[in-house]
Amino acid sequence: MSKQLLRSGTAIGALVRESEQVESTADFIHKLSIALKEANKTDYWIELLYQSDYLSQTEYISIKTDITEILKILISIIKSTK
């Protein structure tokens, strides 16, 4: 599970970075939409790690707050760009 979290979590940043060098608005939205999917996967893995007692409640709340903010930011950017 932790490897899945690492993959999806790092993919978010890589896709956001990639979106900085796109050639069109459609490509920008596409890259950020994929980042949003990865953020949703990351949220899933965080939840699973918590439910499996790999994360303490304090760790979970901290990480959950961060991923929720990332999701909100990505959704906002995609909506305002459309």
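Going through segment 1-50 one residue at a time, which ones are hydroxyl-bearing (S, T, Y) and touching a residue at least 40 places away in the same chain (Cβ under 8 Å)?
S2, T25, S33
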Residue list for segment 1-34, restricted to those being closer than 20 Å to L48 by Cβ, of a type outside the set (K, R) and in a helix (DSSP H, G or I)
S2, Q4, L5, L6, S8, G9, T10, A11, I12
Hits in segment 12-45 - residues which are of a type in the set (A, V, I, L, M, F, W, C), loosely packed, with under 15 Cβ neighbours inside 10 Å and more than 16 Å from I70 (Cα to Cα):
V22, A26
Top-ranked residue of segment 46-69 - restricted to ones that are more than 16 Å from the chain's Cα centre (by Cα) and of a type in the set (F, W, Y), ranked as surrounded by the fewest Cβ atoms within 10 Å (Cβ to Cβ)
Y54
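Each row is one residue, and each column tells you yes or no for (1) over 21 Å from Q4 (Cβ atoms); (2) modelled with pLDDT of 95 or more; (3) not hydroxyl-bearing (S, T, Y).
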position: E23; (1), (2), (3): yes, no, yes
position: A39; (1), (2), (3): no, yes, yes
position: W45; (1), (2), (3): no, no, yes
position: D53; (1), (2), (3): no, no, yes
position: S56; (1), (2), (3): no, no, no
position: T68; (1), (2), (3): no, yes, no
position: L71; (1), (2), (3): no, yes, yes
position: L74; (1), (2), (3): no, yes, yes
position: K79; (1), (2), (3): yes, yes, yes
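The values are calculated or read from the model by the stated rules, or taken from the named source; none is laboratory data. Keep in mind it's a predicted model, so treat the numbers as computed, not measured. Here the Cβ is made from the backbone with ideal geometry for all residues, glycine too, and neighbour counts use every protein chain on show.
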